[in-house]
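Just so it is clear, none of the values below were taken in a lab; they were calculated from the coordinates. Computed from a predicted model, the values in this text were never measured in an experiment. Please note: Cβ atoms are built from the backbone with ideal geometry, for glycine as well, and neighbour counts cover all protein chains shown.
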Ligand code: ASP
């Protein structure tokens, strides 16, 4: 072998080995993480028994750890978000799927959405009454339809075509939510008498009657962000009201260039202030951190507007923010850097 050829061969081998080491390191170093929420609102610490708290935290941990395990195996952030949300949808503790709040007319109307931060594809469903897992239907809309949002009866026909599990509306019933409806209606009737106006009465209904929702955001080993949200909406909602949860940009948003967000709170404000997309846009256009962008929108913009609630969010480096301006927000997170959290109140 002549000398220049030998040198070239040695260099080629060395370079390719170096590349392999670098790629392996990059793969090893790609952070992955998940954050989930089970709704924000007036959660009274003094009313929360030890048992109740344990039940919430156990379910939150189960959802978080299920999503995290998928990410650790190298599965997509979309798979992790769906798996985590479905655990919360199936639990009567949260206002999504089983345990969803009642409408004024005593039914359940569910909203959900999902967005993939790499493709910017999104799927959403609103006002569905017989879909066991609304987040699964949102994913089907994203992947198997040419549309972004389907509503009501049409969405249910599509769900049937896609072979999703259908249930009777009574499947979502729980006594606790029914008692909340009765309380809300009693309060509404009293307020209506006093204010002589149903809309004004509805506006004055305290936050304790309103909230709950579930959501998840995740970053996978390929660097893709996903956000998803699922909810029963607000107790005693009327006239086919749709909240922020299925509105892309309001309750859910994901973009690999900035962040992924899932929101919970007084939906009308989250729609008007385009909360989820606003947080991501502030990061992108102002070059500020996720923590700062999320804090400004939730604790300044929304507070000044009178909108109560919170969000969970994650950026491409795996940083997580979970600010809320209500008394509590059920939430949990876990990152490949070893950090994990579960809590309800501000001082948790
Ligand atoms: N944002 C949901 C809605 O307005 C409710 C909630 O998160 O509590 O429908």
Quick one: compute the contact order of region 119-230, relative version, from alpha carbon pairs under 8 angstrom and 6+ residues apart, as a percent.
-> 20 percent
When only C-alpha pairs under 8 Å and at least 6 residues apart count, what is the relative contact order of the chain, in percent?
-> 23 percent
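Quick check on the exposure proxy: order 147, 37 from fewest to most C-beta atoms within 10 angstrom.
Exposure proxy ranking, most exposed first: 147, 37.
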The extension gain from residue 105 to residue 347, computed as 0.36 nm times the residue separation minus the Cα-Cα distance, is 83.3 nm
Between residue 119 and residue 146, 0.36 nm times their residue separation minus their Cα-Cα distance comes to what?
-> 8.3 nm
Roughly how many whole Å is it from the C-alpha centroid of region 290-306 to that of region 227-250?
-> 20 Å
How would you order 89-97, 177-185, 136-144, 101-109 from highest to lowest mean count of nearby Cβ atoms within 10 Å?
-> 89-97, 136-144, 101-109, 177-185
Between 173, 111, 220, find the one with the highest GNM mean-square fluctuation for the chain; connect C-alpha pairs within less than 10 Å.
-> 173
Pairing the Cα long axis of helix 3-29 with the longest principal axis of the chain, what angle in degrees results, from 0 to 90 and rounded to the nearest 10?
-> 20 degrees
So the FRET efficiency between residue 54 and residue 183, C-beta based with R0 = 41 Å and rounded to 0.05, is 0.95
Hey, in the GNM for the chain with a 10 angstrom Cα cutoff, which one of 80, 294, 159 fluctuates hardest?
-> 159
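Taking every eigenvalue of the Cα gyration tensor of the chain, multiplying by 5 and rooting it, what semi-axes result, largest first, whole Å?
Ellipsoid half-lengths, sorted descending, are 41, 21, 18 Å.
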Using only Cα atoms, find the angle between the long axis of helix 134-144 and the longest principal axis of the chain, and express it within 0 to 90 degrees, rounded to the nearest 10.
-> 50 degrees
Extended-chain gain in nm, criterion 0.36 nm per residue less alpha-carbon gap, residue 165 and residue 305 = 46.4 nm
Förster-model FRET efficiency, 22 Å R0, residue 30 and residue 339, C-beta, rounded to 0.05 | 0.85
Computed E for residue 176/residue 286 - FRET, C-beta separation, R0 51 angstrom, nearest 0.05 | 0.75
Where in region 92-133 is the amide nitrogen less than 18 Å from a point lying 7 Å along the Cα-to-Cβ axis of residue 62?
-> 92-100, 133
Order by neighbour count: 148, 261, 157, 217, fewest other Cβ atoms within 10 Å first, most last.
-> 157, 148, 261, 217
Among 34, 43, which comes first, then next, by fewest other beta-carbon atoms within 10 Å?
-> 43, 34
Helix-derived mean residue ellipticity, 222 nm - over the chain, DSSP H n ≥ 4, -39500 (n - 2.57), to 500 = -12500 deg cm²/dmol
What is the helix-to-structure angle for 77-89, meaning the angle in degrees between its Cα long axis and the longest Cα principal axis of the chain, kept from 0 to 90 and rounded to the nearest 10?
-> 30 degrees
Beta bridges per DSSP with both ends in region 47-157, % antiparallel, nearest 5 = 60 percent
